[in-house]
Amino acid sequence: MMRESNHQWAQAVMPQYIESSRLNFYQHMATKGTAQEIPILFPHAFIKEAAARGLLGMVIPERYGGLGLIPIEQVTAFEPIPQVDAGGGLKILVQNTLGAYPIIKRGTDAQKEKYLPSMASGELLGCIGLSEPGIGSDLMSLRCRAEKVDGGWMINGEKIWITSAEAAGIMVLAARTGTQESRGEGISGFIIPLDHQSPQLDIHVIPKHGQHTSQFYTVAFKDYFVSDKEDPLLGDLNGGRELFRNTLTASRIWIATQGTGVALHAYEMAVHHANELEMYGRKLVDLPLMKRNLDHMKREIDIARHLVRRAAWAEQQEDAHAHVWASLAKVVAGELAFLASHDAELIYGATGYIMESEPGYIATDAEPIRIYEGAREVQVNLLLKYLTEEQLRLPWPRADHPVKPIEELPTADEVIATIESWEIKSRNAK
Ligand SMILES: Cc1cc2nc3c(=O)[nH]c(=O)nc-3n(C[C@H](O)[C@H](O)[C@H](O)COP(=O)(O)OP(=O)(O)OC[C@H]3O[C@@H](n4cnc5c(N)ncnc54)[C@H](O)[C@@H]3O)c2cc1C
């Protein structure tokens, strides 16, 4: 089960879910606020098909019923899914790297036994609660509190933008267990069973622009009690900073993979259209500036795909700088997905902007890849602690496009060779 077979599967099964989720979204918007309001639906049937294929347990070890793929295999197997649909890809990603991964890394044997088999089979969906209203990038200032009380934990606070919350049976929660001033030192991880019938839990969908096969929600906890019998603490008390940093490192590699998948989709569509359309007595693809545009895109995709694999390799080797490679892959692939998809839309001309054609959707779907799991500036800040600005510019997509002829730029292979020669170290280290 690798790239080609997942690509065929995604091409065969996903279009129906993409179409129905877009239709559902527009119906919701049309009826919003009326007595007949049509709710935004969670794609249970898609999740079931993905689970049957093992896609919800790619990171879960085989002994817990997962596929037990190593990071390089994970990115290879995952990429063809966002190459067909970014939203469906996000759903699968959340279950793997944000739901299961922190349990695999820091859960006790009992927690792993309790949750991982049903997560691998898709009976149990996970979500992650990091972001809060007004608190995204500055995660260490989060306010949601977990108080130790007799017999359990009391949770109070609001989480926002939580993918899959409506259907999730558990949330991997980042909550404050120390003082507000202690920032990262006072945050712990929890596995919180979500009792959707509880009046102490309030979950609401938030309509958004793209990725309609994936939905996100606000999740409010008001005196929400979790018994000690549920064994909710994940890892050490006040050990959340490290837990979530490692989780985001692993997950950013998948987000980067989502980005390269989306960029590949955009590129394939652009090449197809440029070969179909004729103008000035020639095919569009034969016009020099168009050829340059497509060549730039291909070059940048090759570089970004290498970075994804480099980051997966660093993760696999437990490299101390795996988080740097993950950030680099994430920011480059995120920018690329955005720019390549908007260029594909441009290459289609007005046709790219109409409701029946795909490029406009791909462009909209690509937008949040730059935002989630650490927006661009957050990544650049992190990377400049290890790389010079010149190094960071080297793989940056579209830096000289479309003015500079591609012949004047280093080739993808040359960029990759230079990157491979880098010795990553803290620039502040003496
Ligand atoms: C589709 C989608 C799904 C999501 N799913 C989840 C989920 O399942 N669980 C979850 O917890 N969260 C989720 N999120 C939230 C996501 O992780 C946050 O949106 C992200 O961390 C950014 O936070 P923010 O939106 O609050 O932006 P902000 O933190 O408000 O950032 C706004 C801007 O400020 C910039 N900025 C930040 N720091 C600096 C700096 N030091 N210098 C200069 N500029 C800076 C950022 O780059 C950004 O451009 C999701 C988001 C989206 C869009």
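Run the paramagnetic zone check for residue 424: 7 angstrom along Cα to Cβ, then residues of the stretch 232-257 with backbone nitrogen under 18 Å. Answer for the stretch 232-257: 242-257. Ranking of 31, 257 by neighbouring Cβ atoms within 10 Å, starting from the fewest: 31, 257. Size of the stretch 133-274: Rg and Dmax of its alpha carbons, in Å, are 17.9, 67. For the stretch 214-265, the Kirkwood radius over C-alpha pairs fed into Stokes-Einstein at 4 °C and 1.567 mPa s yields D = 89 µm² per second.
Among 387, 125, a tally of other beta-carbon atoms within 10 Å of each Cβ gives an order, fewest to most, of 387, 125. Over the stretch 288-343, what relative contact order in percent results from Cα pairs under 8 Å that are six or more residues apart? For the stretch 288-343, the relative contact order is 37 percent.
With N counted as the residues of the stretch 66-124, its alpha-carbon radius of gyration over 2.2 N^0.38 Å works out to 1.17. Contact order, relative form, for the chain: 14 percent (alpha carbon pairs under 8 Å, 6 or more residues apart, mean separation divided by residue count). For the cross-link pairs 91/385; 91/330; 32/330; 48/298; 32/159, which exceed 28 Å when the distance is taken from alpha carbon to alpha carbon? The answer is 91/385; 32/330; 48/298. For the stretch 368-417, the fraction of C-alpha pairs farther apart than 13 angstrom is 67 percent. Principal axis analysis of the Cα atoms in the stretch 283-354 yields extents of 48, 25, 13 Å, listed in decreasing size.
Annotation: peptides 79-90, 331-342, ranked by per-residue average of other Cβ atoms within 10 Å with the highest first, follow the order 331-342, 79-90. Size estimate for the stretch 182-248 follows the Kirkwood approach: the inverse of mean 1/r over distinct Cα pairs works out to 14.3 Å. Under the classification rounded if a/c is under 1.5, otherwise prolate if a/b is larger than b/c and oblate if not, where does the stretch 1-159 fall, given a ≥ b ≥ c as square roots of the Cα gyration tensor eigenvalues? Note, shape of the stretch 1-159 comes out oblate.
The 3J(HN,Hα) values that the Karplus relation (6.51, -1.76, 1.60; θ = phi - 60°) gives for the stretch 86-101 are, in residue order, 5, x, x, x, 5, 4, 5, 4, 4, 4, 7, 8, 10, x, 6, 4 Hz. Gly and Pro appear as x.
From the largest down, the stretch 76-216 spans 46, 36, 31 angstrom on the principal axes of its Cα atoms. Panel note: the C-alpha atoms of the stretch 223-346, placed on their principal axes, show extents of 74, 36, 15 Å (largest first).
Placing pseudo-labels 7 Å out from each Cα toward the beta carbon at residue 245 and residue 16 gives an inter-label distance of 4.6 nm.
Computed across the stretch 1-56, the Kirkwood radius stands at 12.8 Å (inverse of mean 1/r, all Cα pairs). Using the Cα coordinates of the stretch 330-430, the gyration tensor eigenvalues translate into equivalent-ellipsoid semi-axes of 30, 18, 9 Å, sorted from longest to shortest.
For residue 160, the residues whose amide H sits under 5 Å from its own are 131, 132, 219, ignoring neighbours fewer than 5 places away on the same chain, with H placed 1.01 Å from N.
Dividing the mean sequence gap of close Cα pairs (under 8 Å, 6+ apart) by how many residues the stretch 277-430 holds gives a relative contact order of 29 percent. Cross-link partners of residue 114 among lysines, defined as those whose alpha carbon lies under 17 angstrom from its own and excluding same-chain residues fewer than eight positions apart: 105, 229. Put a dot 7 Å past the Cα of residue 417, heading toward its Cβ, do the same for residue 399, and the two dots end up 1.8 nm apart. If you take the Cα centroid of the stretch 138-215 and the Cα centroid of the stretch 361-430, the two points sit 32 Å apart. Each residue in 116, 23, 409 was given a count of other beta-carbon atoms within 10 angstrom of its own, and listing them fewest first yields 23, 409, 116. Taking the square roots of five times each eigenvalue of the Cα gyration tensor of the chain, the equivalent ellipsoid has semi-axes of 36, 26, 19 Å, listed largest first. Gyration tensor analysis over the Cα atoms of the stretch 18-105 returns equivalent ellipsoid semi-axes of 31, 13, 10 Å (largest first, whole Å).
Net charge near residue 65, counting Lys/Arg +1 and Asp/Glu -1 over other residues with Cβ under 14 Å of its Cβ? Combined, the nearby Lys, Arg, Asp and Glu give +1.
Any read-out appearing in this document is the output of simple, stated calculations on the displayed coordinates, not a laboratory observation. Everything numeric here is computed off the predicted structure, so don't read it as measured data. All Cβ positions, even for glycine, are placed from backbone atoms using ideal geometry, and neighbour counts span all protein chains on display.
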